[in-house]
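**Student:** To start, I am sharing the structure in question, which I have written as structure tokens.
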Amino acid sequence: MRSRLALLAASCAAFMMAAPPAFAQKSGGTLRMSHRDNPPSASIHEESTISVNQPFMAVFNNLVFFDPKQKVNSPDHIVPELAESWSYNADNTQLTFKLRQGVKWHDGKPFTSADVKCTWDSLAGHAPEDKSIIRKNPRKLWYANLKEVKTNGDFEVTFVLGRPQPSFLTMLAGGYSPVYACHVPDRVMRSKPIGTGPFKMVDFKRNESIKLVKNPDYWNKGKPYLDAIEWKIVPNRSTRLLGFQSGEFDMTFDSDVTFPLLKDVKASKPDAVCEARPTNVSSNLLVNRDKEPFNNPDIRKAMVLALDLPAFNEILFQGHALYGAAMLPPPDGFWGMPKDMLPTLLGYSPDRKKSLAEAQELMKKAGYGPDKPLKIKVATRNIAIYRDPAVILIDQLKQIYIEGELDPIDTTVWYAKVQRGDYQVGMNLTGVGIDDPDVNFYENYFSTSDRNYSRYKNPEVDKLIDAQSAEQDREKRKKMVWQIEKILADDVARPIMNYNVGNTCWDPKVKGILLQVNSIYNGWRFDEAWLDK
Amino acid sequence: MGSYLVRRFLLMVLTLFGMSILIFVMLRLVPGNIADILVDASGADPRDKARIARELGIDRPIAEQYVSWIGGLSRGDLGFAYVSERPAIEEIAPRIPISAKLAAMAVVISVVLGVPFGVISAVKQNSSLDYFLRVISLSGLSLPSFWLGLLVLMAAVHWFGTIPIFDSNSRGFWDEVGMLALPALTVGFRSSALIMRLTRSSMLEVLRQDYVRTARSKGASNASVNYDHALRNALLPVVTIIGIEAAFLVGGLIVTETVFNIPGVARFLVEAILWRDYPIVQNLVMLIAFVVVMVNFLVDMAYMALDPRIKFAD
């Protein structure tokens, strides 16, 4: 008996030593957050902004999820959520999930495979209009390869793909892929969504606040630790940060603290925990190759050669931004080409003088010079983060005899305008929801995409995009991705100035927050967060 | 008097009718509508636009939309907000008291500060106190409200370690006063500067009138001359300005509401315009127009009380 007790005591001691954090979390308390603007709706599937993902992801679950304990979203870091396991068939065209049993929606109804089917039938555009659970569908392109969703009983579901697509599972793991409840109308999902997630929606007061409370019936027993999360919508950044400094908020909105502001925050709240991380949002140049004289490849090439990327970085990010090609560069990015390859791309040469001289020659060859400048309009969205790089761009283009005039476009018409190709040159910001080539390439560079704003059409690149998408060998796929990145850079498809880096700060009592470094859209379940007070 | 009131009422109705047409047409002349914004901003399929436009009824002829709106208004139905998809009245109604309370507090502050200091400044013309008050009033007019608001917030953080974050679930009267005090002070400071300068110049003009000189020669005290004889007459233009300010404060506090994070009418209106949320914009603008028209009417009535010589002829 004594030896059994000793064994039990030793086991307990060993367990406690092996897993001390499990005992560290404290339950209870309300996490008070500031929000930068009024989310357009609460329906993640209908929106494309962090303003929706950050507050509302905690209401939902996915089938699978990027491991919240890992900094990098990658195919190796995918963990189960509403699916307990998954497997592919022999030719990798059928992905089958065994679903978790006993999970309930926040209104008490049971979660079944029918919910998964109707969610992805709607997303892939297979559901009839009156059966669709979404009103608009920004990510239809993601599911172009999804042919059918089949259920086998209440707890098994199979995604039938047109061809093998290893990124499919990755796309299901992102913040933009929650499972919706079939029985809840789309209008309700936009204002007071029902999910299976760790927090239930209590209230969404537009222009004022969002309140979530702990889901006591959460399938992941013991979680979440917080009793509630309260968001206050504060559109003015100065007021938001003053609120954080004065202790009204426990945490800032994601990447809300710019590098110049970081000094103020640290000065007035020295104990604040602040972390800088890449947002996977790039500043990029749009050149409309359908419009004269930009149909001349020499002019496009000259524009890229004239770009002084370090100047953008120093002025806008105090040198903290990252340089990369079409994909976020490593080590933060999973797929981007290695740093030592970058100088081989057009526009990335360290010899600025030589690049500039070459650019000037190209412009002269095209018929422009100091006495005959090319006059253009540089269109951009009329908000500071777009306008600021546009102004720098205009200044840099002067060196190659291009006289740019800023054309600030109201947000409400900006996307429609660039989509129509109603611009000459534009300054744009592009956020990538999931650090995966399929998500980025099909959306921004594929010939038939509506969001291929620079109207870049290259059948060779389209073929390569399809080929890398079907490639199972990850190393081979990476090499194909780098090849595509090189072609895109050399073809001036959408030159990347830099990848933005932003700071997020929180009070030291807030624990269990881990910011992922290759996407801002995926790590906001808040079921690991707790307050040490 | 009776027929004046009837004429005045009819004029008010006509003004509001004109406003309704103006805002309805202008709103639709602005490029883009809610369907464009919803679809474009999220990068959704452009083909979704037509369906959303049909669902919301914005694909109907403008005249039909106008008749439908006015018909609804006459029945007390303001329609559905496009963005929140809730009845517009449920979106608008909670914001009116917030802006009204803020405006009322700001008007009280501006009158309490502006009128007495304006009188003192006029009575003590060219004294050091007059110069001091004039500098203060000039600063009130020239400091941009966003800058002053932020300064006030920074001071609150520095001295009190906190800032007032608006919470609609306030715990009573004093809680609300505490939340709105700083923004009301910021707005009231600017308005009081205007009122003070107007009171001063109006008082100076009246103090030079013959009847004031007569009152002094008859041996009336300074206080009696200044307050009983001069101030009442000097207040006529001041009341007009107070009325205009009060009407402006109900719907024009966009900067203050943004800096102090108050979910009032002005911030909501600007956001609704950006989203082309027609039912919200139309109804809010009509509400603001109604307030302006009513305040003007009340100011006219106040003239009669202040100056018995004024009669509104039938």
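Values quoted throughout were computed directly from the atomic coordinates according to the rules given, and no laboratory measurement underlies them. These figures come from a predicted structure and were not determined experimentally. Note: ideal-geometry Cβ built from the backbone for every residue, glycine included; neighbour counts use all protein chains shown.
**Student:** Is there a simple number for the mean count of other chain Cβ atoms within 10 Å of the Cβ of residues in B:261-268, and what is it?
**Tutor:** 4
**Student:** Another one. Can you work out the PRE-style zone for A:ASP290? Point 7 Å along Cα to Cβ, and I want the residues of segment A:419-433 with backbone N under 12 Å.
**Tutor:** Counting backbone N atoms under 12 Å from the label point, the list is A:419-424.
**Student:** Next question, about the same structure. Need one number: % antiparallel among DSSP beta bridges in the protein assembly as shown, to the nearest 5. Let's see the in-between values first.
**Tutor:** Details: 53 of 71 bridges.
The antiparallel proportion sits near 75 percent.
**Student:** Defining a contact as two alpha carbons under 8 Å apart and six or more residues distant in sequence, what relative contact order in percent does segment B:100-264 show? Kindly include the intermediate steps, with their values, before the conclusion.
**Tutor:** On the way: 173 pairs, mean separation 63.2, N = 165.
Computed over segment B:100-264, the figure is 38 percent.
**Student:** Applying the Karplus parametrisation 6.51 cos²θ - 1.76 cosθ + 1.60 with θ = phi - 60° to the phi angles of segment A:126-141, what ³J(HN,Hα) value in whole Hz is obtained for each residue in order, glycine and proline being reported as x?
**Tutor:** In residue order, the calculated couplings are 8, 7, x, 3, 6, 9, 5, 9, 9, 8, 9, 9, x, 10, 4, 4 Hz.
**Student:** Return P(r) of segment A:141-199 (all Cα-Cα pairs; 10 Å bins starting at 0; whole %; ordered from short to long distances).
**Tutor:** 17, 41, 36, 6
**Student:** Which entries in the list A:LYS263/A:LYS339; A:LYS69/A:LYS221; A:LYS291/A:LYS364 go over 23 Å, if you measure between the two C-alpha atoms of each? Walk me through the intermediate numbers first.
**Tutor:** Numbers: A:LYS263/A:LYS339 29 Å; A:LYS69/A:LYS221 18 Å; A:LYS291/A:LYS364 19 Å.
Flagged as over cut-off: A:LYS263/A:LYS339.
**Student:** Under the definition of partner shielding as Cβ atoms of other protein chains within 10 Å of a residue Cβ, what is the mean value for peptide A:242-248?
**Tutor:** 6
**Student:** If amide hydrogens are placed 1.01 Å from N in the peptide plane, which non-local residues have theirs closer than 5 Å to the one on A:TYR225?
**Tutor:** Result for A:TYR225 returns A:ALA529.
**Student:** If you don't mind, there's one more thing I want to ask. When every alpha-carbon pair in segment A:220-338 is counted, what percent end up more than 24 Å apart?
**Tutor:** Details: 3653 of 7021 pairs.
Result: 52 percent of Cα pairs exceed 24 Å.
**Student:** While we're here: What area, in nm² and to one decimal, does the C-alpha convex hull of segment A:331-412 cast on average over all directions? Show your work: numbers first, answer last.
**Tutor:** Details: hull surface 30.8 nm².
Spelled out: convex hull of the Cα atoms, projected over all directions, averaged, 7.7 nm².
**Student:** May I pose another question? Using the membrane-span-like helix rule (whole DSSP H runs, Cα extent along the own axis of at least 18 Å, mean Kyte-Doolittle hydropathy at least 0.0), which helices of chain A qualify?
**Tutor:** Values: long enough: A:2-18 (24 Å, 1.22); A:352-365 (20 Å, -1.31); A:384-397 (19 Å, 0.79); A:474-490 (24 Å, -1.11).
Answer set is A:2-18, A:384-397.
**Student:** Which lysines have a Cα lying under 16 Å from the Cα of A:LYS136, excluding residues fewer than 8 positions away in the same chain?
**Tutor:** Of all the lysines, those that pass the test against A:LYS136 - Cα under 16 Å, at least 8 places apart if same chain - are B:LYS49.
**Student:** Relative contact order for chain B: what percent, with Cα pairs under 8 Å and sequence separation of 6 or more?
**Tutor:** Details: 319 pairs, mean separation 84.3, N = 314.
Once normalised by length, the contact order is 27 percent.
**Student:** Sort B:THR214, B:THR199 by Cβ crowding within 10 Å, fewest neighbours at the top. Intermediate values should be presented prior to the final figure.
**Tutor:** On the way: B:THR214 12, B:THR199 28.
Ascending Cβ contact count within 10 Å gives the list B:THR214, B:THR199.
**Student:** For the protein assembly as shown, what is the convex hull volume of its Cα atoms per residue in Å³?
**Tutor:** Working: hull volume 196.7 nm³, N = 847.
It comes to 232 Å³ per residue, whole-number rounded.
**Student:** Only sites in a loop by DSSP and with at most 13 other Cβ atoms within 10 Å count here; which trypsin sites (Lys or Arg not before Pro) in segment B:195-257 make the cut? Let's see the in-between values first.
**Tutor:** On the way: sites: B:ARG197, B:ARG200, B:ARG208, B:ARG213, B:ARG216, B:LYS218, B:ARG232; in loops: B:ARG208, B:LYS218.
For trypsin sites (Lys or Arg not before Pro) across segment B:195-257 that sit outside H, G, I, E and B with at most 13 neighbouring Cβ atoms in 10 Å, the list reads B:ARG208, B:LYS218.
**Student:** Filter the cross-link list A:LYS147/A:LYS301; A:LYS26/A:LYS150; A:LYS104/A:LYS140; A:LYS140/A:LYS232; A:LYS365/A:LYS478; A:LYS478/A:LYS511 down to pairs whose alpha-carbon distance in this structure exceeds 30 Å.
**Tutor:** Details: A:LYS147/A:LYS301 40 Å; A:LYS26/A:LYS150 42 Å; A:LYS104/A:LYS140 27 Å; A:LYS140/A:LYS232 32 Å; A:LYS365/A:LYS478 37 Å; A:LYS478/A:LYS511 35 Å.
Cα-Cα > 30 Å for A:LYS147/A:LYS301; A:LYS26/A:LYS150; A:LYS140/A:LYS232; A:LYS365/A:LYS478; A:LYS478/A:LYS511; rest within.
**Student:** List, largest first, the extents of the alpha carbons of chain B along their principal axes, each in whole Å.
**Tutor:** So the three principal-axis extents are 83, 60, 36 Å.
**Student:** Can you give the three extents of the C-alpha atoms in segment B:100-264 along their principal axes, from longest to shortest, in whole Å?
**Tutor:** 59, 29, 24
**Student:** For B:LEU194, A:LEU241, A:LEU514, what ranking results if the residue with the fewest other Cβ atoms within 10 Å of its Cβ goes first?
**Tutor:** Numbers: B:LEU194 20, A:LEU241 26, A:LEU514 14.
Going from sparsest to densest Cβ surroundings: A:LEU514, B:LEU194, A:LEU241.
**Student:** What percent does the relative contact order of chain A come to when contacts are Cα pairs within less than 8 Å and at least six residues apart? Display every interim value, and only then the final one.
**Tutor:** Working: 1092 pairs, mean separation 116.5, N = 533.
For chain A, the relative contact order is 22 percent.
**Student:** With the calculation restricted to Cα positions, what are the radius of gyration and Dmax of segment B:1-158 in angstrom?
**Tutor:** 24.3, 72
**Student:** Could you give the size of the charge dipole of the protein assembly as shown about its Cα centre, using +1 on the Cβ of each K and R and -1 on the Cβ of each D and E, expressed in debye and rounded to the nearest 20? Walk me through the intermediate numbers first.
**Tutor:** Working: 97 positive and 90 negative charges, 287 e Å.
That gives a dipole near 1380 debye.
**Student:** Would you mind putting A:27-35, B:19-27 in packing order, based on average other-beta-carbon counts within 10 Å, highest first?
**Tutor:** Numbers: A:27-35: 19.4, B:19-27: 15.2.
Put in order of decreasing packing, that is A:27-35, B:19-27.
**Student:** Can you classify segment A:304-364 as rounded, prolate or oblate using the Cα gyration tensor, where a ≥ b ≥ c are the square roots of its eigenvalues, rounded means a/c under 1.5, and otherwise it's prolate if a/b beats b/c and oblate if not?
**Tutor:** Details: a/c = 2.82, a/b = 1.58, b/c = 1.78.
The shape class here is oblate.
**Student:** While we're here: Can you tell me the equivalent ellipsoid semi-axes for segment A:173-268? Use √(5λ) from the Cα gyration tensor, largest first, whole Å. Please report the intermediate quantities before stating the final value.
**Tutor:** Values: eigenvalues 184, 51, 35 Å².
Equivalent ellipsoid of segment A:173-268: 30, 16, 13 Å, largest first.
**Student:** Quick query: amide H of A:GLU156 versus all other amide H atoms, modeled in the peptide plane; which residues come in under 5 Å with a sequence gap of 5 or more or a different chain?
**Tutor:** Residues meeting the criterion, in which the H sits 1.01 Å from N, are A:LEU99, A:SER113.
**Student:** For peptide B:151-157, compute the average count of partner chain beta-carbon atoms within 10 Å of each residue's beta-carbon. Present the calculation step by step, with values, prior to reporting the outcome.
**Tutor:** Details: counts 0, 0, 6, 5, 0, 2, 9.
Taking all residues of B:151-157 together, the mean is 3.
**Student:** When the Karplus curve 6.51 cos²θ - 1.76 cosθ + 1.60 is applied with θ = phi - 60°, which whole-Hz ³J(HN,Hα) does each residue of segment A:210-215 get, with x for Gly and Pro?
**Tutor:** Result, ordered by residue: 9, 10, 10, 10, 4, 8 Hz.
**Student:** Continuing with the same structure: How big is the shadow of the Cα convex hull of segment A:377-533, averaged over all directions, in nm²? Mind dumping the intermediate values first?
**Tutor:** Details: hull surface 50.2 nm².
One quarter of the hull surface, i.e. the mean projection, equals 12.6 nm².
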